[in-house]
Amino acid sequence: MNVYHFKKGTEICNYSYSSSILSIRLNRQRLIVCLEESIYIHNIKDMKLLKTILDTPPNATGLCALSINHSNSYLAYPGSTTTGEIVLYDGNHLKPVCTIPAHDGPLAALTFNSAGSKLASASEKGTVIRVFSVPEGQKLYEFRRGMKRYVNISSLVFSMDSQFLCASSNTETVHIFKLEHLTDSRPEEPPTWGGYMGKMFMAATNYLPAQVSGMMSQDRAFATVRLNFSGQRNICVLSTIQKLPRLLVTTSDGHLYIYNLDPQDGGQCILIKKHSLLGPRKMEENKENDLRPPLPQSYAATVARQSMTPSTSSMPGYSEDGGALRGEVIPEHEFATGPVCLDDENEFPPINLCRGSHSGKVKRS
């Protein structure tokens, strides 16, 4: 593993491990290196090895998640190869927190929200997505992605405000779920035939097998995207662009798709732009794919027409207390011209002071 200083263009440190590195996760406090049967926890300030978690269940894909909120630095990784058990670990205090029995089958995806207060998971079947509280490990939400076919979840991500959760797979459909529950304190609705039948239906679920009644009570997608391809690996991000919620989908063939997301009504998301990430040679193609929606009277479309000219003096940013979105404004002059935006030179460990090798001689801890 090599760590480089982007602004100086120099190497900070390098480490060698006893087997192949399968994944790396980091925040402003910790750097996690995941091997097939062990996990190494480094201090990001000086890259010193703080903890080695040995004899973890075989993890051939390097599945793990680290909270970007450095005030807690929670780490999640599979606790079993046969069931969907999640081990929740405190990366700051270097101790296990709890074990969550999340799914019946092996895990396929894990992700924290920006505050590190929620953890979402999916199994290899990919039909059900669950969200748990952190650090308690209590189930908060249960969403059904589908019923007819098993899929491979390729991307699972929260929006920065933790209001939405997006899941994509090897199919042509991307699902966006809304994390909200109707409270029992809402006023009683006037009696209608539909409402009466709904109550009867919910009451009937009490007499059905637990598996069937559970399927009926699971929430469905709030919004969906119908991709024009399937079978390609992709990564999704829920972001705010020009004060509007957007879904960004990048694919393994080098394209970026930007979709409109209506935060009030949901439904089918509209493709706004398509970009080629393979180089500047297809600028005309990107212009032709600037697909602006007609004029649907939706919330997002209405607001979009009112803010077609973005402000160039400032842009929304993230606070330094763990990356949570606060809505503050960061002046343009504070942004670095390079690919990263870290201005404090003291945050980086001293160059060439951390050379190490982690082999089978590492003591168990």
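Tell me whether the range 52-189 comes out rounded, prolate or oblate; compute the Cα gyration tensor, take square roots of the eigenvalues as a ≥ b ≥ c, and use a/c under 1.5 as the rounded threshold. Please list the in-between numbers first.
On the way: a/c = 1.82, a/b = 1.22, b/c = 1.49.
Oblate, since a/c reaches 1.5 and b/c is not below a/b.
In a fully extended conformation the segment linking Lys95 and Ile235 would gain 47.3 nm over its present Cα-Cα distance, using 0.36 nm per residue.
Shown in residue order for the range 235-244 are the 3J(HN,Hα) couplings computed by the Karplus curve 6.51 cos²θ - 1.76 cosθ + 1.60 at θ = phi - 60°: 10, 10, 9, 9, 9, 10, 10, 6, 6, 10 Hz (x for Gly and Pro).
Label the range 48-131 by shape, choosing from rounded, prolate and oblate, from the square roots a ≥ b ≥ c of the eigenvalues of the Cα gyration tensor; if a/c is under 1.5 it is rounded, and otherwise prolate applies when a/b is larger than b/c, oblate when it is not. Don't skip to the answer; put the middle values down first.
Values: a/c = 2.12, a/b = 1.33, b/c = 1.59.
Here the range 48-131 falls in the oblate category.
Database remark: amide H of Ala109 closer than 5 angstrom to the amide H of Ala122 (H placed geometrically; neighbours at sequence offset of 5 or more, or on other chains; Pro and chain starts carry no H). The residues of the range 87-130 expose, per residue, 35 Å² of accessible area to a 1.4 Å probe.
If R0 is 35 Å, the Cβ-Cβ spacing of Thr82 and Lys8 corresponds to a FRET efficiency of close to 0.15.
Residues whose amide H lies under 5 Å from that of His5, counting only those 5 or more places away or on a different chain, are Thr10, Glu11, Ile12; hydrogens are built 1.01 Å from N in the peptide plane.
With θ taken as phi - 60° and the Karplus curve 6.51 cos²θ - 1.76 cosθ + 1.60 applied, the whole-hertz 3J(HN,Hα) list for the range 108-115 is 10, 8, 9, 7, 9, 7, 5, 8 Hz, x standing for glycine and proline. For Asn228, what charge total do you get from the other residues with a beta carbon under 13 Å from its beta carbon, if Lys and Arg give +1 and Asp and Glu give -1? Once positives and negatives cancel, what remains is 0. Model label sites at Thr173 and Ser276, defined 7 Å from Cα along the beta-carbon direction, differ in position by 3.2 nm.
Express the carbon and sulfur contribution to the solvent-accessible surface of the range 50-154 as a percent, rounded to the nearest whole number, probe 1.4 angstrom. List each step's numbers first, then the result.
On the way: 2070 of 4260 Å².
About 49 percent, which is the carbon plus sulfur part of the accessible surface.
Between amide H atoms placed 1.01 Å from N, distances below 5 Å from Arg246 occur with Ser239, Thr240, Ile241, all of them 5 or more places distant or on a separate chain.
The values are calculated or read from the model by the stated rules, or taken from the named source; none is laboratory data. Small disclaimer: the values here were computed from a predicted structure and weren't measured. All Cβ positions, even for glycine, are placed from backbone atoms using ideal geometry, and neighbour counts span all protein chains on display. Note: areas computed on protein heavy atoms with side chains; ligands, DNA, RNA excluded. Shrake-Rupley method; radii C 1.70, N 1.55, O 1.52, S 1.80 Å.
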